[in-house]
Amino acid sequence: MESLTSLFENNPEKIFAYFAIIITTISLVIIGSSFYYDYVNKKKLNKKINSFERSLKDMVEEFRSFELLFTDQKKSHEEYKFILNRVEQEISRLADSLGSDGNITSAISLAKEGYTVHEISKKTGIPVEEIEPIVKYHGNN
């Protein structure tokens, strides 16, 4: 304690100025280092943000390609749906136009055996226009 009091007894203004300069220097070093570490952390975060932005852009592009793919699939699905509806209409037209199921059954059997449209028409008495779908769907291709 005596050494501390002896410091201030010789020249107190000079010692106080040294202490003020030392405290100010330490404060400036601490503030400067905090700004530097803040700059380094912000730089790392900025790199991460840029990386996330690139990843997000890539994901958006992938979603767009999936959207185009699904659009194409939807078009194909609509085409198949249309074809299926036409087949159902042909089948119902055949069923409505023919009076007996026996003629249809025999026409299907003949088509499976490989007979031509005209041969089946002669044997069953069904018009050629009505035999064509039967041969188309039941015949040996």
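The values are calculated or read from the model by the stated rules, or taken from the named source; none is laboratory data. Predicted model only: the values in this text are computed from it and were never measured. For neighbour counting, all protein chains shown are included, and Cβ atoms are generated from backbone atoms with ideal geometry for every residue, glycine included.
Summary table
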{"quantity": "Meets criteria (touching a Leu at 6+ places or on another chain (Cβ under 6 Å) and closer than 15 Å to PRO133 by Cβ) for ILE104", "calculated": "yes"}
{"quantity": "Enumerated helices (runs of 4 or more DSSP H) restricted to region 28-141, each holding at least 2 residues that are modelled with pLDDT of 85 or more and of a type in the set (Val, Ile, Thr)", "calculated": "117-124, 128-138"}
{"quantity": "Answer residue from region 128-141, given it is within 17 Å of ARG93 (Cβ to Cβ) and free of Cβ contacts under 8 Å to residues at least 24 places away in the same chain and is surrounded by the most Cβ atoms within 10 Å (Cβ to Cβ) among those", "calculated": "GLU132"}
